[in-house]
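> Below: one structure in structure tokens.
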Number of protein chains: 2
Amino acid sequence: MAYHHGNLKEALLECAADVIAERGIEALTLRGLARDLGVSHAAPGAHFADRRALLCELAKVGFQRSLEFMRAGAEAAGPDPVARYRALGRSYVQFAQDNPSYFRAINHPEVEAHLDDDLRGARAAWVATLREGVEVAQASGWHPEIEVETLLAFSCAAAMGTAQLLTDSVWTDVFDVDDVDALADSVLDVVVHRSRTSVVPILEETEEKRSA
Amino acid sequence: MAYHHGNLKEALLECAADVIAERGIEALTLRGLARDLGVSHAAPGAHFADRRALLCELAKVGFQRSLEFMRAGAEAAGPDPVARYRALGRSYVQFAQDNPSYFRAINHPEVEAHLDDDLRGARAAWVATLREGVEVAQASGWHPEIEVETLLAFSCAAAMGTAQLLTDSVWTDVFDVDDVDALADSVLDVVVHRSRTSVVPILEETEEKRSA
DNA sequence: CCTGGATCTTGCCAGTGACAAGATTCTCAC
DNA sequence: GTGAGAATCTTGTCACTGGCAAGATCCAGG
């Protein structure tokens with residue numbers, strides 16, 4: 001076997017995503033990843049200063065990929081600004097369901113407490129896209145009486161909250177529903193405050209499923 | 001010094017809340033708590049099987065206290081069902097801001113992944129109260145066209161998402177606002193979909209401030 | 001070839017959680 | 001009271017983790 005692993009950094013990120021998806025973020029250890037990949041226990045140190053740095057990188061990638069997916073969802077929703085806005089949120093929830101590891105990394109306290117310029121940039125880009133969606137929707141007549149910043153905060157809160165609620169069985173169990181996807185659709189309809197007549201298509205995903 | 005600490009369990013929970021509020025949940029260690037309280041490193045083991053058990057207990061207390069605070073808020077909001085519903089959500093956000101340690105415990109993945117009957121009961125009671133608020137509000141004419149379960153999920157998501165957003169500087173920094181409380185009020189107004197004419201009073205809290 | 005940098009290994013240390021065995025204190029039936 | 005048993009706490013130990021340091025190996029460019 002080659003002394004160099006070849007692409008250890010990528011392999012670490014991939015393996016970490018698998019571990020998180022299967023056994024949760026608390027079960028993620030640098031030494032465990034090293035064992036899984038057949039390298040020495042200090043090898044990850046060459047690519048990630050510490051555990052937190054790896055999680056931050058995962059979160060950064062998570063923001064980027066979710067953003068891509070949200071934009072694709074908006075594109076698939078057609079020209080109507082409100083439908084596009086709804087698709088942004090719906091796609092984010094879908095992404096969270098399909099990629100629990102990235103979603104958990106994004107929302108993990110250890111990641112949020114850390115200041116990382118790249119990560120902050122990724123988060124800002126995410127919010128900026130949502131802001132644009134809100135602005136365009138509002139320009140087309142959607143809730144003109146509400147301040148943009150308020151609508152943006154509401155949108156972020158609704159997206160994050162819905163995603164957290166519907167990706168965790170601890171919460172879905174307390175609701176009297178069987179079809180989580182349908183509930184997500186309904187909740188998103190309440191968020192955009194429209195009748196349930198037009199449901200935008202949801203793209204198929206993704207990372208977790210691909211690696212499975 | 002007495003061999004028995006007297007009330008180690010309570011002291012551990014209190015000390016844990018302080019540590020979480022000051023340095024985050026990741027900095028919480030059983031041995032560290034033992035040192036702070038001047039007992040041996042294995043003393044906490046008599047009251048909590050492991051770190052997770054302590055976090056679950058904190059989360060349970062968090063649900064109970066937040067629920068008390070929400071009910072008090074609803075009571076203070078007067079007889080109007082929609083105003084009471086709004087007060088439930090607004091009070092929860094306020095509680096999260098005033099008691100970050102409990103809020104973080106409630107939403108920590110390590111806690112959510114664990115099955116604990118007491119904790120599950122506390123969570124169920126929390127959801128039940130919100131459900132009752134939704135039902136009464138709907139009975140008074142609020143959004144009769146939407147299914148109860150959908151409104152409930154939307155309400156939970158909005159409350160949790162808003163709380164998470166407004167208690168974390170990582171998120172508040174990306175918004176163009178200075179008054180977080182005013183933003184919380186505005187967002188809650190969007191949630192209940194009312195004009196910003198009547199703002200219910202917010203009770204003073206809290207746990208963290210008391211212990212500070 | 002050979003030199004510097006990137007990558008990886010081995011070895012080490014302190015801190016943590018968890019367990020076991022024993023000491024101390026409390027509770028309560030008798 | 002008093003003695004048995006439960007609750008509480010201590011000491012000791014082990015495996016595991018993160019992090020650091022020093023050195024070995026590989027790679028790229030002059």
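> Given the residues B:9, B:60, which is the only one that is more than 9 Å from DNA strand C (Cβ to nearest atom) and within 14 Å of chain A (Cβ to nearest Cβ)?
None of the others qualify; the one that does is B:60.
> Then there is this: Check A:53, A:77, A:17 and return the single one that is within 29 Å of residue A:89 (Cα to Cα), away from DNA strand D (no atom under 16 Å from the Cβ) and within 20 Å of the chain's Cα centre (by Cα).
Values: A:53 fails: away from DNA strand D (no atom under 16 Å from the Cβ); A:17 fails: away from DNA strand D (no atom under 16 Å from the Cβ).
It is A:77.
> When you look at residue A:110, is it acidic (Asp, Glu), within 16 Å of DNA strand C (Cβ to nearest atom) and more than 12 Å from chain B (Cβ to nearest Cβ), yes or no?
No; evaluated as a whole, the condition is false for this residue.
> Can you find even one residue in the stretch B:71-86 that is more than 25 Å from residue A:107 (Cβ to Cβ), within 13 Å of DNA strand C (Cβ to nearest atom) and away from chain A (no Cβ under 14 Å)? Lay out the reasoning, then the answer.
Just the residues of the stretch B:71-86 that are more than 25 Å from residue A:107 (Cβ to Cβ), to begin with: B:71-86.
Narrowing the set further to residues that are within 13 Å of DNA strand C (Cβ to nearest atom) leaves none.
There is no residue in the stretch B:71-86 that is more than 25 Å from residue A:107 (Cβ to Cβ), within 13 Å of DNA strand C (Cβ to nearest atom) and away from chain A (no Cβ under 14 Å).
> I'm trying to understand the selection: among the residues of the stretch B:115-124, which are among the aliphatic types (A, V, I, L, M) and either buried (at least 21 other Cβ atoms within 10 Å of the Cβ) or more than 10 Å from chain A (Cβ to nearest Cβ) (or both)?
So in the stretch B:115-124, the residues among the aliphatic types (A, V, I, L, M) come out as B:115, B:119, B:122, B:124.
Correct list: B:119, B:122.
> Determine which member of the set B:211, B:169 is at pLDDT below 95, touching a helix residue (DSSP H, G or I) at 6+ places or on another chain (Cβ under 8 Å) and exposed (fewer than 15 other Cβ atoms within 10 Å of the Cβ).
Working: B:169 fails: touching a helix residue (DSSP H, G or I) at 6+ places or on another chain (Cβ under 8 Å).
Residue meeting the stated conditions: B:211.
> Could you tell me whether residue B:175 is in the same structural domain as residue B:102 (by TED's automatic domain parsing), in a helix (DSSP H, G or I) and either at pLDDT 95 or above or open to solvent by less than 50 Å² (accessible area, probe 1.4 Å) (or both)? Give the steps one after another, and end with the answer.
On the way: in the same structural domain as residue B:102 (by TED's automatic domain parsing): yes; in a helix (DSSP H, G or I): no; either at pLDDT 95 or above or open to solvent by less than 50 Å² (accessible area, probe 1.4 Å) (or both): yes.
In short, no.
> Right, something else. Return the total of residues in the stretch B:20-56 being among the polar types (S, T, N, Q) and either more than 10 Å from DNA strand C (Cβ to nearest atom) or closer than 28 Å to residue B:97 by Cα (or both). Before the answer, list the steps.
Of the residues in the stretch B:20-56, the ones among the polar types (S, T, N, Q) are B:29, B:40.
Among the residues that remain, those that are also either more than 10 Å from DNA strand C (Cβ to nearest atom) or closer than 28 Å to residue B:97 by Cα (or both) are: B:29.
Residues in the stretch B:20-56 being among the polar types (S, T, N, Q) and either more than 10 Å from DNA strand C (Cβ to nearest atom) or closer than 28 Å to residue B:97 by Cα (or both): 1 in total.
> Find all pairs meeting these conditions: Cβ atoms under 8 angstrom apart; at least six residues apart or on different chains; first residue within the stretch A:134-145 and within 13 Å of another protein chain (Cβ to nearest Cβ); second residue in a helix (DSSP H, G or I) and of a type in the set (Phe, Trp, Tyr).
A:134/A:85; A:142/A:85
> Take the stretch A:15-34 and flag every residue that is modelled with pLDDT of 95 or more and not aliphatic (A, V, I, L, M).
A:15, A:18, A:29, A:31, A:32 - these are the residues of the stretch A:15-34 that are modelled with pLDDT of 95 or more and not aliphatic (A, V, I, L, M).
> A follow-up question, please. Got a sec? Which of A:22, A:26, A:10, A:68 is out of contact with any helix residue (DSSP H, G or I) (no Cβ under 8 Å at 6 or more places or on another chain) and within 16 Å of DNA strand D (Cβ to nearest atom)?
Values: A:26 fails: out of contact with any helix residue (DSSP H, G or I) (no Cβ under 8 Å at 6 or more places or on another chain); A:10 fails: within 16 Å of DNA strand D (Cβ to nearest atom); A:68 fails: within 16 Å of DNA strand D (Cβ to nearest atom).
When all the criteria are applied, what remains is A:22.
> What is the number of the single condition among (1) among the hydroxyl-bearing types (Ser, Thr, Tyr); (2) in contact (Cβ under 8 Å) with a residue 60 or more places away in the chain; (3) within 16 Å of DNA strand D (Cβ to nearest atom) that residue B:102 does not meet?
The failed condition is (3).
> Taking the stretch A:101-114 as the search range and keeping residues that are surrounded by fewer than 22 Cβ atoms within 10 Å (Cβ to Cβ) and part of a helix (DSSP H, G or I), which one is modelled with the lowest pLDDT? Explain how you work it out, then say what you get.
Filtering the stretch A:101-114 down to residues surrounded by fewer than 22 Cβ atoms within 10 Å (Cβ to Cβ) leaves A:107, A:109-110, A:112-114.
Narrowing the set further to residues that are part of a helix (DSSP H, G or I) leaves A:107, A:109-110, A:112.
Values: A:107: 95, A:109: 92, A:110: 91, A:112: 87.
Within the stretch A:101-114, the match that is modelled with the lowest pLDDT is A:112.
> Right, next: Among the candidates A:51, A:84, A:71, A:31, which residue alone is exposed (fewer than 15 other Cβ atoms within 10 Å of the Cβ) and free of Cβ contacts under 8 Å to residues at least 60 places away in the same chain?
A:31
> How many residues are within 18 Å of residue B:18 (Cβ to Cβ) and surrounded by fewer than 21 Cβ atoms within 10 Å (Cβ to Cβ) if we restrict to the stretch B:54-65?
2
> State all residues of the stretch A:114-123 that are within 14 Å of the chain's Cα centre (by Cα) and over 11 Å from residue A:67 (Cβ atoms); if no residue qualifies, say none.
At the first step, the residues of the stretch A:114-123 found to be within 14 Å of the chain's Cα centre (by Cα) are A:119, A:122-123.
Passing the criteria: only A:119.
> Residue check: is residue B:46 within 12 Å of DNA strand D (Cβ to nearest atom) and among the small types (Gly, Ala, Ser)? Walk me through how you get there before you give the answer.
On the way: within 12 Å of DNA strand D (Cβ to nearest atom): yes; among the small types (Gly, Ala, Ser): yes.
So residue B:46 passes the test.
The values are calculated or read from the model by the stated rules, or taken from the named source; none is laboratory data. Every value quoted in this text rests on a predicted model; they were computed, and no experiment measured them. Cβ coordinates were reconstructed from backbone atoms using ideal geometry, including for glycine residues, and neighbour counts include every protein chain displayed. Side chains included, ligands, DNA and RNA excluded: accessible areas come from the protein's heavy atoms. Shrake-Rupley method; radii C 1.70, N 1.55, O 1.52, S 1.80 Å.
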